[in-house]
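Note sheet for the following structure.
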């Protein structure tokens, strides 16, 4: 048995430099894709979870993780794909959300149920959640959904009704 090539904290730091291939301003750690890093003898085991089942970027991400660790002297790397629990935007770091916004992508917004038009005693089932998505360009919340499908499966297309600019929105999960 040989000693690990690096501490677990050092591996996390290295993985924190690996960017998402579809959104290069956010790292896979800030995105919340990396779930765990552990050493089993001299093998570094990295657990990752895709943002979507069947995400086309996962093989590129897996290769980038392996390359980053091999490039820093970690000879044995094993990737574990963990699908449950499913990835959620709650796992994104605040730094990652700010990076998205700075890049022109609206970060995930909280969904709220609009009950303003209901009277006391009215049954409140079946209400669709209303998203308040702020424009990453001007900050206005006067926005509307243009398409559920953006440039990648994890994004939707919105437009700002104030500055008139279209923008991607990173969907909540």
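Laboratory data are not the source of any read-out in this text; all were calculated from the coordinates shown. Since this is a predicted model, take the numbers as computed values, not measurements. Virtual Cβ from ideal backbone geometry, glycine too; neighbours counted across all protein chains shown.
The alpha carbon gyration tensor of the stretch 1-71 gives principal lengths a ≥ b ≥ c with a/c of 1.5 or higher and a/b greater than b/c, which makes the shape prolate. Extension gain for residue 148-residue 10 works out to 45.8 nm (0.36 nm per residue, less the C-alpha to C-alpha distance).
In this simple spin-label model, placing a label point 7 Å from the Cα along the Cα-to-Cβ direction at both residue 25 and residue 76 gives a separation of 4.1 nm.
Cα centroid separation, the stretch 1-74 to the stretch 81-107: 16 Å. Summary value for the stretch 8-81: 30 percent relative contact order, contacts being C-alpha pairs under 8 angstrom separated by 6+ residues.
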